[in-house]
Amino acid sequence: MSVKRFIEASLLTLTALFCLPFFVHNEIIDYFNVAIPETYSYAQVPKNTQKYFNVQAYDSKTGRKLPYKIKKVGGYDPSRKYIKIVHKGQYVKEIKYVSKKEFQKKVHS
């Protein structure tokens, strides 16, 4: 392998690794991605479970749906159905159960 080919392959590999966080979103990559800010969102989740999948969250500032669904959120109270999520993209840092009144106040359906 020539030096020129080695340099080209190295540059291509580095470019691909640099661009990966902008195209792939999962909880591990989003945790380390400094381009994604930590945000607060609200969501309605099903009762009688503590594992929530494909959660449609709403932005706390605008009350509108996020352009993506959060793939996995873990809960701790199966009797409640409204949550406030602290997250960076797909990485969920924390959830807090809230009242229906607070949820409706923040979300414009």
Which of the following residues is under 30 Å from D77 (Cα atoms), surrounded by 15 or more Cβ atoms within 10 Å (Cβ to Cβ) and either out of contact with any helix residue (DSSP H, G or I) (no Cβ under 8 Å at 6 or more places or on another chain) or in contact (Cβ under 8 Å) with a residue 12 or more places away in the chain (or both): T62, T39, T49? T39
Consider A16 against the criteria (1) within 21 Å of K105 (Cα to Cα); (2) out of contact with any Leu (no Cβ under 7 Å at 6 or more places or on another chain); (3) open to solvent by less than 100 Å² (accessible area, probe 1.4 Å): it satisfies all of them except one. Which criterion is unmet? (1)
Could you pull out the residue among K51, K65, K47 that is touching a Ser or Thr at 6+ places or on another chain (Cβ under 7 Å) and more than 14 Å from H87 (Cβ to Cβ)? K47
All but one of (1) of a type in the set (V, I, T); (2) exposed (fewer than 11 other Cβ atoms within 10 Å of the Cβ); (3) touching a residue at least 60 places away in the same chain (Cβ under 8 Å) hold for V92, so report the exception by its number. (2)
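Results for (1) within 13 Å of Y40 (Cα to Cα); (2) modelled with pLDDT of 95 or more; (3) touching a helix residue (DSSP H, G or I) at 6+ places or on another chain (Cβ under 9 Å); (4) basic (K, R), shown as yes or no for each residue.
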residue: P67; (1), (2), (3), (4): no, no, no, no
residue: G74; (1), (2), (3), (4): no, no, no, no
residue: R80; (1), (2), (3), (4): no, no, no, yes
residue: V86; (1), (2), (3), (4): yes, yes, no, no
residue: V92; (1), (2), (3), (4): yes, yes, yes, no
residue: K96; (1), (2), (3), (4): yes, yes, no, yes
What are the residues in the range 2-29 that are out of contact with any helix residue (DSSP H, G or I) (no Cβ under 8 Å at 6 or more places or on another chain) and either within 30 Å of Y58 (Cβ to Cβ) or not in a helix (DSSP H, G or I) (or both), if any? S2, C19, F22, F23, V24, H25, N26, E27, I28
Selection from the range 74-89 of residues crowded, with 16+ Cβ neighbours inside 10 Å and either of a type in the set (D, E) or under 23 Å from P37 (Cα atoms) (or both) yields G75, Y82, I83, K84, I85, H87, K88, G89
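The values are calculated or read from the model by the stated rules, or taken from the named source; none is laboratory data. Keep in mind that what you see is a predicted model, and the values were worked out from it rather than measured. Heads up, the Cβs are rebuilt from the backbone with ideal geometry, glycines too, and the neighbour counts pull from every protein chain shown. When the accessible area is computed, the model is the full protein with side chains, heavy atoms only, and any ligands, DNA or RNA have been set aside. Shrake-Rupley method; radii C 1.70, N 1.55, O 1.52, S 1.80 Å.
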